[in-house]
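Just below is one structure, and these are the notes that go with it.
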Amino acid sequence: MGAVLRTARAVKREAASIPLPPGQVVGLVLDVVLDRLHPGSVPGRDVRRRAAGAGLALTGAGITAWAVAERRRKTTGSFALGHPEGLVTSGPYAASRHPMYLGWWLLHAGVAVSRGSAWALVTLPAGMLVEHLGALWEESMLRQRFGEAYADYEKDVPRYIGSPAWLMRTSFQMARRPTPAATAMDEENRSEPVDENAPKGTHMSNPAAKNAAT
């Protein structure tokens with residue numbers, strides 16, 4: 001029982017540190033309430049619609065969880081999502097400046113599609129507009145705090161999601177990026193002295209690298 005209570009308290013603390021987007025929270029509640037008062041269903045078979053809705057919702061929840069985990073991974077002190085310790089540009093933040101908003105939008109859309117509610121055609125855009133205004137305010141704060149670093153980040157990464165061509169290009173560049181181990185070895189090799197008197201073709205800054213290669 002004690003373990004259960006400790007787990008519950010830990011979950012409560014984590015939830016308290018994560019600000020929920022008001023547009024989507026209110027929108028989801030309104031969507032359910034309005035659908036009960038005046039049902040408005042979308043066309044499509046129930047099984048396929050629920051499967052599509054579940055896929056959207058799970059994708060959205062996964063993106064949001066990934067973004068929170070990345071922010072936590074980059075935090076060395078106490079974790080407060082609304083007060084970033086530093087500028088995070090890795091993980092989902094390498095593809096979107098606001099991945100949590102994107103995740104919540106997919107989550108909202110997934111719940112609506114799964115329920116077959118047409119009210120999401122109103123509640124989702126309304127929530128997105130509210131959060132877009134919030135994103136603009138957040139960006140102005142981050143610009144003031146991180147200066148040129150954030151300005152460069154804005155140039156490289158789209159606010160929400162890039163075009164398919166941009167996503168493919170970014171994925172390809174990330175795949176070709178050297179691993180930290182390879183970068184460290186390259187820096188080590190460059191730092192080793194080279195014997196200029198050695199015969200041509202025999203320069204080797206790190207004999208261990210040769211042994212590893214062969």
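The values are calculated or read from the model by the stated rules, or taken from the named source; none is laboratory data. The structure displayed is predicted, hence computed values, not measured ones. So basically every Cβ, Gly included, is an ideal-geometry build from the backbone, and we count neighbours across all protein chains shown. Just the protein is used for accessible areas: all its heavy atoms, side chains included, with ligands, DNA and RNA removed. Shrake-Rupley method; radii C 1.70, N 1.55, O 1.52, S 1.80 Å.
Close contacts from the stretch 143-154, counting a first residue that is under 8 Å from LEU87 (Cβ atoms) and a second that is outside any helix (DSSP H, G or I) and open to solvent by less than 100 Å² (accessible area, probe 1.4 Å), with Cβ to Cβ under 8 Å and a gap of 6+ residues or different chains, come to PHE146/LEU87; ALA149/LEU87; TYR150/LEU87; TYR153/LEU87; TYR153/THR89; TYR153/ARG97. Just one of the numbered conditions (1) within 19 Å of the chain's Cα centre (by Cα); (2) open to solvent by less than 50 Å² (accessible area, probe 1.4 Å); (3) in contact (Cβ under 8 Å) with a residue 24 or more places away in the chain is not true of THR89: (2).
Okay, residues lined up against (1) closer than 20 Å to HIS38 by Cα; (2) at pLDDT 90 or above; (3) open to solvent by less than 80 Å² (accessible area, probe 1.4 Å):
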{"residue": "LEU102", "(1), (2), (3)": "no, yes, yes"}
{"residue": "ALA109", "(1), (2), (3)": "yes, yes, yes"}
{"residue": "ALA112", "(1), (2), (3)": "yes, no, yes"}
{"residue": "SER117", "(1), (2), (3)": "yes, no, yes"}
{"residue": "THR123", "(1), (2), (3)": "yes, no, yes"}
{"residue": "ALA135", "(1), (2), (3)": "no, yes, yes"}
{"residue": "GLU139", "(1), (2), (3)": "no, yes, yes"}
{"residue": "ARG143", "(1), (2), (3)": "no, yes, no"}
{"residue": "GLY147", "(1), (2), (3)": "no, yes, yes"}
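Inside the stretch 52-86, residues that are open to solvent by 50 Å² or more (accessible area, probe 1.4 Å), polar (S, T, N, Q) and touching a Gly at 6+ places or on another chain (Cβ under 6 Å) make up a count of 0. Restricted to helices (runs of 4 or more DSSP H) entirely inside the stretch 1-95, those with at least 2 residues that are modelled with pLDDT of 80 or more and aliphatic (A, V, I, L, M) are 22-37, 46-73.
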